[in-house]
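Written below as structure tokens is the structure these notes are about.
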Amino acid sequence: MSDTQADETYDYVVVGAGSSGSVVAARLSENPSHRVLLLEVGRAPDTYWHRLPLGPARLVHDVRTSWPFLSGPEQDLKQRRVTAVRGKALGGSSAINGMLWTRGDASAYDRWASLGNPGWGFEDVLPFFRKIESFPHSDPRFRGSDGPVHIANTRPEKLSEAFIASCLAHGLKANPDYNAGSSEGVAYLQTNTFKGQRWGTYEAYLQPALLRPNLRVVKGAATTLMLEGQRVTGVRYRHLDGDGMGPETCALARAQVILSAGAYQTPALLERSGIGQPDALAKLGIAVRHALPGVGENLSDHMRACVSYASRVPTINDIVHKPLAKIKAGLAYTLFRKGWLATASMTVQAITRASTDSQRADLKLQINGISTDTTVNSENRPVRKQSGFSLLFFPIYPHSRGSVHARSTDPLAEPVIDTGYLRDPRDQVATLSGLHLARAIAREGPLADLIIEETDPGADCTNEAELLDYIRATGLTVYHPVGTCRMGTDELAVVDPQLRVRGLQGLRIADASVMPELVATNTNAPSIMIGERAASWILADTRI
């Protein structure tokens, strides 16, 4: 079948119903004259575990709700393959993530603009963040109060209060609202939850939009883009059911195709369509339709390590192993929406500078109400039976870069992911600084009174080489891949500052792949903002 033929015709075709794609599809379908097709492999996130804030602990290991990708072997992590899970659901990764609402520092968006991306400075994106949020009793200059995404503050509990007090005793400053411009300081985490339950882009955007007759959601996988010359005219896709993939269907887009498949799968779809690096396409046996050398490059992700402690107060470890603790936690959550089940295990963050030479706050420390046995050589390490918690740490703006490319022409195949974790020596130094900071804070103030002993890596591990070896052996993703179709104006940019794929017509990308570099400690809120930003440009595009 030629690229000019079609089985179905729409105004817009959106590929991927994730944190950005759900927003794009919902906004485009607000106009009843627009016919919108939304393709997504996953189903609606309507289970108890999707709604429960602590549910991600189960969802990320379930192939029905997650893409079970692995990166590597990672050359700077002892040749390990590292979990690189992405959400497989309406709502994408917002249906399985930790629900931490962090926009990022204002200076990071201004840096985006300075890299050749006008319209992406903090003052430019602020109205879109305010449009997204429903965060009452906040400063209206910076925060929204009537948007579709509900935001709540994490509730205090003993361990988190002690961590905050020890951070302040160590000289870190309090930050009353890290989403109001400056992220530096210590604060209870904000979460995109409503009445104690997850509130991702499915609940906020897509579920209301599904009532519209002009929006069609198909459980299907995009195989390739359809091109006519230098214009993308539509998408080839296959329906998915319990028996596998059905026959191929061609959906024509009168106006535009929008790719929102994420930082791993968007570049893979471009490559399956003959768009990307000629050498990468040749390895797949795919003819070049449009050469774009930046496709799949510039991958950036946060890699975290941790210091873990045995605790004098109960934690999630007890809920996992002790029936009575499990019952008490269930009652506290069911009756009052309180306790560890009302969290995704993380409650407080501290953002500071890795060294006196740092030009900006570039290191994150975060308390996690669970500890695992890192001596077990497995990605799915067992939770320790003793009460315990961890202090996670990672550089916010890593210098290391990796890549992602299609493994085959199969749309369901795992891509080849090389994160480049710790490849840049500056990231090694900053990560070690995080470990030393975690230990220093644990030694003083109220937190020290709640600690029995350090369990991982153990107090006897003090040599810098040994500590770095521990980090290499235990470091894991924070699930924040970005940058593989980055925006810009140089030859390696994949999209221009208005997210149009360079050199092609009728094609935009709206997901975390367009970020030129990491802007936040978590990427869900920026990805939703990108969806809003893209929708506004698409609707205003006079070429439609």
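The values are calculated or read from the model by the stated rules, or taken from the named source; none is laboratory data. Here the structure is a predicted model, which is why all the values come from computation and not from measurement. For neighbour counting, all protein chains shown are included, and Cβ atoms are generated from backbone atoms with ideal geometry for every residue, glycine included. SASA here: full protein model, heavy atoms, side chains in, ligands and nucleic acids out. Shrake-Rupley method; radii C 1.70, N 1.55, O 1.52, S 1.80 Å.
Table for the structure above
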{"quantity": "Probe 1.4 Å, protein heavy atoms only - accessible area per residue of the range 139-179 in square angstrom", "calculated": "50 Å²"}
{"quantity": "Full-extension gain in nm, Ala459 to Arg43, via 0.36 nm per residue minus C-alpha separation", "calculated": "145.2 nm"}
{"quantity": "Estimated 222 nm signal from helices in the chain, with DSSP H stretches of n ≥ 4 weighted -39500 (n - 2.57), rounded to 500", "calculated": "-7500 deg cm²/dmol"}
{"quantity": "Trypsin sites (Lys or Arg not before Pro) within the range 368-416: DSSP coil, no more than 13 neighbouring Cβ in 10 Å", "calculated": "Lys385"}
{"quantity": "Ranked by how many other beta carbons lie within 10 Å on average, peptides 455-466, 145-156, 21-32 from highest", "calculated": "21-32, 145-156, 455-466"}
{"quantity": "Cα-Cα over 26 Å, subset of Lys88/Lys385; Lys158/Lys326; Lys88/Lys195; Lys219/Lys338", "calculated": "Lys88/Lys385; Lys219/Lys338"}
{"quantity": "Protection proxy ranking of 412-420, 294-302 - average other beta-carbon atoms within 10 Å, highest first", "calculated": "294-302, 412-420"}
{"quantity": "Extension gain from Asp139 to Ser408, taking 0.36 nm per residue of separation minus the Cα-Cα distance", "calculated": "91.9 nm"}
{"quantity": "Extension gain (nm, one decimal) between Ala169 and His321, 0.36 nm per residue minus Cα-Cα", "calculated": "51.4 nm"}
{"quantity": "The range 87-129 pair-distance distribution - Cα-Cα, 10 Å bins, rounded %", "calculated": "27, 32, 33, 7"}
{"quantity": "Cα centroid separation, the range 28-62 to the range 365-426 (Å)", "calculated": "24 Å"}
{"quantity": "The chain - percent of accessible surface contributed by carbon and sulfur, probe 1.4 Å", "calculated": "53 percent"}
{"quantity": "Calculated FRET efficiency for the pair Thr489/His61, C-beta based, R₀ 56 Å, to 0.05", "calculated": "0.85"}
{"quantity": "Simple spin-label estimate for Ala180 and Arg254 in nanometres, 7 Å along Cα-Cβ", "calculated": "4.7 nm"}
{"quantity": "Heavy-atom accessible area per residue - the range 196-317, 1.4 Å, Å²", "calculated": "35 Å²"}
{"quantity": "For the chain, the spread of Cα positions along each principal axis, largest first, Å", "calculated": "70, 48, 48"}
{"quantity": "Whole-Hz couplings from phi, Karplus 6.51/-1.76/1.60, listed for the range 291-306; x for Gly and Pro", "calculated": "7, 9, x, x, 4, x, 8, 6, 5, 10, 8, 7, 10, 10, 10, 8"}
{"quantity": "Residue-normalised accessible area of the range 422-544, expressed per residue, 1.4 Å probe, Å²", "calculated": "34 Å²"}
{"quantity": "Pairs of alpha carbons in the range 350-429 whose separation is greater than 16 Å (percent)", "calculated": "69 percent"}
{"quantity": "Sparsely packed trypsin sites (Lys or Arg not before Pro) within the range 181-257, loop by DSSP, other Cβ within 10 Å at most 10", "calculated": "Lys195"}
{"quantity": "Of the trypsin sites (Lys or Arg not before Pro) in the range 90-157, those whose Cβ has at most 11 other Cβ within 10 Å and which sit in DSSP loop", "calculated": "Arg141"}
